[in-house]
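Just so it is clear, none of the values below were taken in a lab; they were calculated from the coordinates. Source: prediction; values computed, not measured. Cβ sites come from the backbone with ideal geometry, for glycine too, and all protein chains shown count toward neighbours.
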Amino acid sequence: MSHTNMDNNEEIYRIGVDVGGTNTDAALLDSKLNTIHTVKVHTTRDVNEGIIESIRRLLSESNVNPVQVRYAMLGTTHCTNAIVERKHLGKVGLIRIGAPATTSVPPLADWDDTLRAAVGRHAYVVHGGYEYDGRTIVDLDEQEITDCFMKMKGQVEAIAVCGVFSPVNTSQEKRVEQLAKSVFGADMPVTLSHEIGSIGLLERENASLLNGTLLNVIAGVVKGFEDALQGFGIDAGVYICQNDGTLMRSEYALRYPILTIACGPTNSIRGAAHLSGLNNALVVDIGGTTTDIGVLWQGFPRQSSAAVEIGGVRTNFRMPDILSIGIGGGTIVRADAGQDQVTVGPDSVGYELLKRARIFGGDTLQPQT
């Protein structure tokens, strides 16, 4: 986005929007990061409607000129929800550079049928790979790789490439990317595993596939957010929250959408650091669906050192060390009078809280009622 010329003495503002399963929160900050105004609206089925409403209220209640808003940040659960719900995922073709060393365990071996069907079945193991010290095991067979790409043509929307010990030596993955561009064209998105995960072939491969399948999701998120801002006359730099507690430009998010997963809890941890002035603390974030407990360490969320499962798939990319408990403000409580038994969650009424919760006249019991 380009920026409108402004008087150098005019105050510059930032807008931050965080979309949760139950509520969408928005905050307006000045150039010194003082909080000017905040609003909370209920998340809508079409989350963009909740984002638009939160920005509308923020501007109208604060009386800030939209031209003065120069930065806009968005934290969203879109990508996490897409994987969990198996919705809106794109078809991805995979090239694993690892034959003959890795053929005993095929790609997507630990994926369930629903997720495998959503991502597609174009996964191929080709000759290549490196030793742990970066020495070549087998040279690439470029014709073999090109033949695989020809089978995928017209069937996939993105390519993922994962090689044995590619974080140690990236050359073969980069060459496969060049071959992909020559077959599919320069606009075909390609995820290289060494840019996503660490040592551990299967987990890194899974993370790369998930990143590729989320590209359509994040493209819709970024476009929806930019359209919402432009609708209010806001010409701002757009940033997306990532799961280490920092921000990435929207262009970067369009390449690495998987880095938005679990950004909700990390937003809360960074917010706790900002509001409390503490650098080290335990942070408890009670949302509508879950309660998340994380560690604030030297001002940022502590990263997990273990492999993390996302939607039933084991991955090894960067993730915060979060303990998530399925109890929140919208958690459904069920009382079985016949057996004198009460069960709590893990499901939640989510954005339907005002309609379904007993405290608001509905028929569903929540912990707070």
Ranked list, fewest to most other Cβ atoms within 10 Å of each Cβ, for I332, I55, I145, I36:
I36, I332, I145, I55
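Would you order I234, I327 from fewest to most other beta-carbon atoms within 10 Å of each residue's own beta-carbon?
Working: I234 24, I327 18.
So the residues, fewest neighbours to most, are I327, I234.
Taking Cα pairs under 8 Å and at least six residues apart, what relative contact order does the range 1-125 come out at, in percent?
Values: 172 pairs, mean separation 27.5, N = 125.
The normalised contact order for the range 1-125 reaches 22 percent.
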Compute and list, largest first, the equivalent-ellipsoid semi-axes of the range 239-323 from the alpha carbon gyration tensor, each √(5λ) rounded to a whole angstrom.
20, 16, 12
Between E131 and R56, how many nm apart are label points set 7 Å from Cα along the C-beta direction?
6.5
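Given an 8 Å cut-off on Cα distances and at least 6 residues of separation, report the relative contact order of the range 93-241 as a percent. Intermediate values should be presented prior to the final figure.
Values: 219 pairs, mean separation 32.6, N = 149.
Rounded, it is 22 percent for the range 93-241.
Once the other residues with Cβ under 14 Å from the Cβ of R318 are scored (Lys, Arg +1; Asp, Glu -1), what is the net sum? Please list the in-between numbers first.
Working: positive: R204, R302; negative: E195, E203, D244, D321.
Here the charged neighbours net out to -2.
Based on the alpha-carbon gyration tensor of the range 211-251 and its eigenvalue square roots a ≥ b ≥ c, which shape applies: rounded if a/c is under 1.5, prolate if not and a/b is larger than b/c, or oblate?
Details: a/c = 3.13, a/b = 1.39, b/c = 2.26.
Oblate.
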Under the 7 Å Cα-to-Cβ spin-label approximation, L275 and T146 lie apart by a distance in nanometres of 5.9
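Can you show me the helix-derived [θ] at 222 nm for the chain, built from DSSP H runs with n ≥ 4 at -39,500 (n - 2.57) apiece and divided by the number of residues, rounded to the nearest 500. Write down the numbers at each step before the final one.
Working: 10 runs with 110 residues, N = 369.
Dividing the helical sum by the residues of the chain leaves -9000 deg cm²/dmol.
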Name the lysines eligible as straight-distance cross-link partners of K181: C-alpha to C-alpha under 16 Å, and not fewer than 8 places from it in the same chain.
K151, K153
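Could you rank the peptides 235-245, 40-50 by their average count of other C-beta atoms within 10 Å per residue, with the highest value first?
Numbers: 235-245: 21.1, 40-50: 16.6.
Top of the packing list down: 235-245, 40-50.
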On a 0 to 90° scale, report how tilted helix 171-184 is relative to the longest principal axis of the chain, with both axes built from alpha carbons and the result rounded to the nearest 10.
80
The range 117-187: D in µm²/s via Stokes-Einstein (Kirkwood Rh, Cα pairs, 10 °C, 1.306 mPa s)?
123
Net charge near S268, counting Lys/Arg +1 and Asp/Glu -1 over other residues with Cβ under 13 Å of its Cβ?
-3
Hz values of 3J(HN,Hα) by residue in the range 108-121 - Karplus curve (6.51, -1.76, 1.60), Gly and Pro given as x:
6, 5, 9, 8, 7, 5, 5, 6, 4, 5, 5, 7, x, 10
Checking the a/c ratio against 1.5 first, then a/b against b/c, what shape does the Cα gyration tensor give for the range 90-209?
oblate
Please report the net charge: other residues with Cβ closer than 15 Å to the Cβ of P100, K and R +1, D and E -1.
-3
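Sorting L254, L179, L58 on the 10 Å Cβ count, fewest up front, what's the list? Present the calculation step by step, with values, prior to reporting the outcome.
Details: L254 17, L179 20, L58 24.
Listing L254, L179, L58 from fewest to most nearby Cβ atoms yields L254, L179, L58.
Report the gain in length on full extension from L33 to S324: 0.36 nm times residue separation, minus Cα-Cα distance, nm rounded to one decimal.
Numbers: separation 291, 0.36 × 291 = 104.76 nm, distance 2.93 nm.
Computed gain between L33 and S324 is 101.8 nm.
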